[in-house]
Each structure stands twice: as structure tokens, then as C-alpha cells.
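The values are calculated or read from the model by the stated rules, or taken from the named source; none is laboratory data. These figures come from a predicted structure and were not determined experimentally. Note that each Cβ is placed from the backbone with ideal geometry, even for glycine, and that neighbours are counted across all protein chains shown.
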């Protein structure tokens, strides 16, 4: 890794930490984890600021209680400009440990195109299938852009 790339990665890591701290402040000030995620729009509105201005793809798993309240979320993968590597094992590791009743997965497309790629479709199927086996259903997979979102559930893919 060149010095320029290392500096760029460190700068982005610092920006990401600031974004996580802002989310933690929101938790305390606005009852972040008391929010019900009853629709893809609820999820988009709650997490849009988290994804805004990210120059790379971020992949999150959102843990839900039985009443669709958010109990936790975790960054599962940080990718490059137009892709990120994700495996169902990483998606479900923390969901199992935190006793999630169900999950939502979400990631951003920095390009602004909200349409799912072949890889997005494939990982959604893998996670949904794994969730059925272990008893933690995948409720939705939402792709974020700065202007709109794409919901696999709304489009009948879950």
C-alpha cells in the first residue's frame, strides 16, 4: 500500500468513526433504538445520514426485536468504490449473539444507482436461505443512495 493510499484509508476510517459517534449520540438523544422499522422507508430515513457521503460501499446488518424495534446494528463489511465482500457467516454472527428475532441488511451504492447488481441479488438469496435454516429471517435488503432506496421486500424478492 502506498503512503497516499494509507493516508486516504486512515482519513476515511476517521470519518467513519465520527459518523458512528454521531449515530451513538442520536441513540441517546432521540431514542435511536426505540425506533420501530415497520417499512423500508422507516429504515431509509433512520440510516440515510449514516450512508451519506461514504465514498465506498458499507454493508450493515440491523438486528430487530420481535416487535420490529431496532436492537443493534453492525458494519459487516467496508468495500471499495463499487463493491464489498459479504458472507452470510459475518451477517449472522452478531445476530445470533444478540438474540435477534429478525434482520435487515443494508448497503449503499455511492454511484447513485439504486438498482441491485447480480451480486446484490445473490447475497440476498444466500442470507435469506441461511436465515431460514437458523431461524432468524431476513426481513429486507435495502440499497441506499443519496436520493432514494431500493427494497428487495417492496419489489417482491423476499
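Among 84, 66, 43, which is the only one that is under 23 Å from residue 154 (Cβ atoms) and at pLDDT below 85?
Working: 66 fails: at pLDDT below 85; 43 fails: at pLDDT below 85.
Among 84, 66, 43, only 84 is under 23 Å from residue 154 (Cβ atoms) and at pLDDT below 85.
Let's see how each residue does on (1) touching a strand residue (DSSP E or B) at 6+ places or on another chain (Cβ under 7 Å); (2) closer than 24 Å to residue 36 by Cα; (3) free of Cβ contacts under 8 Å to residues at least 24 places away in the same chain:
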site	(1), (2), (3)
110	no, no, no
120	yes, no, yes
123	no, no, no
132	no, yes, yes
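Determine which single condition residue 105 fails, assuming it passes every other condition in (1) within 26 Å of residue 36 (Cβ to Cβ); (2) out of contact with any strand residue (DSSP E or B) (no Cβ under 8 Å at 6 or more places or on another chain); (3) free of Cβ contacts under 8 Å to residues at least 60 places away in the same chain.
That leaves (2) as the condition not met.
Take residue 99 and decide whether it is farther than 21 Å from residue 41 by Cα, free of Cβ contacts under 8 Å to residues at least 40 places away in the same chain and outside any strand (DSSP E or B).
When the stated conditions are applied, residue 99 passes them.
Using beta carbons and a limit of 8 Å, which pairs, at least six apart or on different chains, have the first residue in segment 39-58 and in contact (Cβ under 8 Å) with a residue 24 or more places away in the chain and the second one crowded, with 20+ Cβ neighbours inside 10 Å and part of a loop (DSSP other than H, G, I, E, B)?
Cβ pairs passing all conditions: 43/37; 46/37; 57/109.
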